[in-house]
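The values are calculated or read from the model by the stated rules, or taken from the named source; none is laboratory data. No experiment lies behind these values; they were computed from the predicted model shown. Backbone-built Cβ (ideal geometry, glycine too); neighbour counts: all protein chains shown. The protein model used for the area step is the full one, side chains on, heavy atoms only, and it has no ligands, DNA or RNA in it. Shrake-Rupley method; radii C 1.70, N 1.55, O 1.52, S 1.80 Å.
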Amino acid sequence: MKEIIYKGKKVKAIIEVNFYSGGGSKLKATAGEYKALNEFIKNNNNNVQFIWITDGKGWNTAKNPLKESFDRGVIILNLKMVKDGLLKRIILG
């Protein structure tokens with residue numbers, strides 16, 4: 001797990017990065033924590049975005065928690081999306 005705080009001219013972001021090679025309850029708990037963190041950030045600081053970069057085969061067994069976080073407004077990217085420049089587009093506008 002890696003936390004990154006980015007402060008640009010247009011966007012401020014808290015970026016969480018992790019990778020799961022196996023399934024388990026940790027993925028579900030993490031998704032719930034990040035959903036709550038995203039809500040907290042939105043309610044307390046409108047000019048900060050929470051971005052979650054996550055990947056790995058572990059998510060094949062825990063798709064529902066990931067979907068729930070996405071449905072609640074968490075920006076979720078996988079490594080291919082980052083490689084394809086989506087994170088850069090979000091950060092730079």
| On average, how much accessible surface per residue is there in the chain, in Å², for a 1.4 Å probe, leaving out ligands, DNA and RNA? | 66
| task | Could you work out how far helix 25-44 tilts from the main Cα principal axis of the chain, as a 0 to 90 degree angle to the nearest 10? | result | 20
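I'd like to compare 38-44, 13-19: which one has the highest average count of other Cβ atoms within 10 Å, and what's the full order after that?
Result, highest mean Cβ count within 10 Å first: 13-19, 38-44.
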| request: Taking just the C-alpha trace of the chain, give me its Rg and Dmax in Å. | output: 13.0, 39
